[in-house]
Structures are given as C-alpha cells and as structure tokens.
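Beneath this line is the structure, given in structure tokens, with notes to follow.
Derivation of every value follows stated rules applied to the coordinates shown; laboratory data play no part. Predicted model, so just to flag it, every value in this text is computed and none were measured. As a convention, Cβ positions derive from the backbone with ideal geometry for all residues, glycine included, and neighbour counts pool all protein chains shown.
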Amino acid sequence: MSEPVTVAGLTVRPGEKARSVLSFPDFWADGQSLEIPFMVLHGKKPGKTLYVQVAQHGSEIMGIDALRRLMAELDPREMRGTLIYCLPNPLAFREKTRATMFDPKPGGMNRVWPGDPQGSLTERMAYRVWAELVSHADEVVDLHTASRYCPVWVF
C-alpha cells in the first residue's frame, strides 16, 4: 500500500480521489479571485505519477470530455501510482479562445512554461501549475485537440 500524497496542499489517501483548486486571491484589479481546478487520483499501490492537462488552449475542448470519462471510470482502489488532472487556463477556456488578451506571447500559455511568479496573468497561472502540480509528476501529458476553427486531419 502506498502512503498519502499531498499535492498543492490537498492530501489524498491511497485508493481515493479528491478535487481542489489553485486559488489566486485578488487576481483581478477589482479584488476577485481566480481558481484553477485540479483532481488527484491516488492509487492504492505505489507507482509513478502522471500529470495530464487539457484546454491549455481554451478552444481545444474535446479533451475535456475524454478526461471526464476517464476520471469517472478509473478506480483509485485498483490503480498503481497517482494521476493529477488539471485545466490550467480557465481564462482561455471561458473565452473559448486559443489565447487570451492577457497572454504575453502569441500562441498562449504553452509559450510561457514554466511561468513567472511576477509575470503576466498567464505567466503567473503557468508558474503555479508548474510549481504545485507538474513538479510532482514523473511524466506529463499535455492534451491538444482540434477546435471549431481548426481542421481535423486524418492520417
């Protein structure tokens, strides 16, 4: 049996799954906060840690349903290792755009990793995700998908 794991202040016991958020108090000029949702599935048996993120480009939403289905089917009591899942860019996701007006570079969040704690809004989000979630991983999957304005190529 594995030991409990703590990710971004969330402690998850072996064989359990839990949800939380990375909270950014006073993120906006008017004092509102921003939250980045994440989920941890911690297997009953020890093993490696996989970090998976979707919709870093907010218009690439197809992966969200795939991960939602996977999370519903996975049973951490039967798992080995840990799975951390995150939607790292809620700003672009809510706008349904590849990037937001807050992105310092064309292309969006994927151009600013590992982020900057003193940088733009997008760089600060990337930094927190990197430092508090990705840093736990042995492997990382950044799931990109097609979008409404992006053709799907069949090979």
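Does the stretch 45-55 include one or more residues that are surrounded by 16 or more Cβ atoms within 10 Å (Cβ to Cβ), within 22 Å of Val21 (Cβ to Cβ), in contact with a Cys (Cβ under 7 Å, 6 or more places away or on another chain) and in contact (Cβ under 8 Å) with a residue 60 or more places away in the chain? Yes, the stretch 45-55 has at least one match. Would you check if there is a residue in the stretch 63-71 being assigned to a strand (DSSP E or B), surrounded by 14 or more Cβ atoms within 10 Å (Cβ to Cβ) and hydrophobic (A, V, I, L, M, F, W, C)? No: zero hits.
Scanning the stretch 43-91 for residues that are farther than 17 Å from Val5 by Cβ and among the polar types (S, T, N, Q), we see that the one that is farthest from the chain's Cα centre (by Cα) is Ser59.
Got a number for residues in the stretch 80-115 being exposed (fewer than 14 other Cβ atoms within 10 Å of the Cβ) and in contact with a Lys or Arg (Cβ under 7 Å, 6 or more places away or on another chain)? The qualifying residues number 2.
Taking the stretch 131-146 as the range and being outside any loop (DSSP other than H, G, I, E, B) and surrounded by 18 or more Cβ atoms within 10 Å (Cβ to Cβ) as the test, the residues that pass are Glu132, Val134.
Can you pull out every residue in the stretch 52-92 that is of a type in the set (Phe, Trp, Tyr) and in contact with a His (Cβ under 9 Å, 6 or more places away or on another chain)? Matches in the stretch 52-92: none.
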